[in-house]
Amino acid sequence: MYQSIITITLRPSILDVQGKAVEHGIHTLGMTAVNNVRIGKSVQITVDAATEEEAKRITQEACQKLLANSVMEDFTYTVKKI
Amino acid sequence: MSGSKLKFGVVVFPGSNCDHDAYHVAKHVMRQDAEFLWHKNSSLMDCDVIILPGGFSYGDYLRTGAIARFSPIMKEVTAFARNGGMVIGICNGFQILCESGLLPGALLRNRSLTFSCKHIHLRVEHADSRFTNAFTAGDVLSIPIAHGEGNYFADPATVAALEENGQVLFRYSDVFGEVTDESNPNGSINNIAGIMNAGGNVMGMMPHPERACESQLGSKDGKAFFESVINSFIEHNV
């Protein structure tokens, strides 16, 4: 059994208005060192797979087919044995 | 089509909330036949036009429209659309059509980050489509919007193709038909409010024409949208 932790964010070319609003909030706190806020989603799944390679393949397919919309989102993931 | 009436099929997903409005307009305002199609149906009941209505199908979980496209009926809707059947997606229906790949692009969060519910102005871009033939190009309509994710986005090549092929049917404008940034309620690229596919049989729009078909509701400007759809069948059958 493997666990995948997937991070989905808007593609860099898309203005992340939520990120901008949060960035403004952070700056209002005086934390001007913080910039380029991007908001995304984290999805955790377990995968029944014999090997890490198979777990990655299944995770990749789940991301491409449903979890992320490639028109507007990018995704990355990590896979670990549990 | 039975007799001289069209049969509109209004798909009902869990969370649809404009299904009755669409049904009412088809049946009682336009005097056509109409049928509700539960999302678990595997038949379109011989409907001539399919409407995916507004609402919050599956609670907008993951992304708007992302889960609804896996409903059993969407297999039938997709096959129907691929065979040239007329499919209309309004608001959440537009989001579902984009998620299912029947229309290009995606709907992002409004740039204001707020849910926007108000009457806006729309400019009709082309009057030679099956969805707009009862309008005149340049007409300015008053139609309500009600959405939080209506910010149309597609990559530059897709947008250029939509513009070049005349697939952009409606654009947000001011009352004079000027397309300005101030009149863009959600940040949509090129003020795009409604598009159709390259085949001209599938269309999606964020504004709600079904909420603007009777004077009691403040505007009848949406009626010509449904007239256009009906006209297109009469022309096809002549």
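The values are calculated or read from the model by the stated rules, or taken from the named source; none is laboratory data. Keep in mind the model is a prediction, meaning the values are calculated, not measured. Cβ placement follows ideal geometry from the backbone for every residue including glycine, while neighbour counts extend to all protein chains displayed.
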Query raised in the report: Of the conditions (1) at the interface with chain A (Cβ under 9 Å from one of its Cβ atoms); (2) over 16 Å from residue A:65 (Cα atoms); (3) in contact with a Phe, Trp or Tyr (Cβ under 7 Å, 6 or more places away or on another chain), residue B:92 fails just one. Which one is it?
Result: (1)
Report task. Select, from B:186, B:165, the only residue that is in contact (Cβ under 8 Å) with a residue 60 or more places away in the chain and more than 28 Å from residue B:31 (Cα to Cα). Result -> B:186
Report summary line: The residue that is nearest to residue B:8 (Cα to Cα), considering only those in the range B:19-65 that are among the acidic types (Asp, Glu) and out of contact with any Phe, Trp or Tyr (no Cβ under 8 Å at 6 or more places or on another chain), is B:46
Query raised in the report: Quick check: anything in the range A:49-57 at pLDDT 95 or above, away from chain B (no Cβ under 14 Å), within 28 Å of residue B:97 (Cα to Cα) and in a helix (DSSP H, G or I)?
Result: yes
Query raised in the report: Which residues, taken from the range B:116-143, are surrounded by 20 or more Cβ atoms within 10 Å (Cβ to Cβ), in a strand (DSSP E or B) and either basic (Lys, Arg) or within 14 Å of the chain's Cα centre (by Cα) (or both)?
Result: B:122, B:123, B:124, B:143
Query raised in the report: Is it true that some residue in the range B:201-212 is exposed (fewer than 15 other Cβ atoms within 10 Å of the Cβ), part of a helix (DSSP H, G or I) and on the phi < 0 side of the Ramachandran plot?
Result: no
Query raised in the report: In the range B:68-125, which residues are of a type in the set (A, V, I, L, M) and without any contact (Cβ under 8 Å) to a residue 12 or more places away in the chain?
Result: B:79, B:113
Query raised in the report: Are any residues in the range B:163-200 crowded, with 21+ Cβ neighbours inside 10 Å, hydroxyl-bearing (Ser, Thr, Tyr) and in a loop (DSSP other than H, G, I, E, B), and if so, which ones?
Result: B:188
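Quick one: would you say residue B:125 is in contact with a Phe, Trp or Tyr (Cβ under 9 Å, 6 or more places away or on another chain), acidic (Asp, Glu), more than 14 Å from chain A (Cβ to nearest Cβ) and over 17 Å from residue A:71 (Cβ atoms)?
Yes, satisfied.
Of the residues B:136, B:158, which is modelled with pLDDT of 95 or more, farther than 29 Å from residue B:15 by Cβ and hydroxyl-bearing (Ser, Thr, Tyr)? Break it down stepwise before answering.
On the way: B:158 fails: farther than 29 Å from residue B:15 by Cβ.
Of the residues listed, the single one that is modelled with pLDDT of 95 or more, farther than 29 Å from residue B:15 by Cβ and hydroxyl-bearing (Ser, Thr, Tyr) is B:136.
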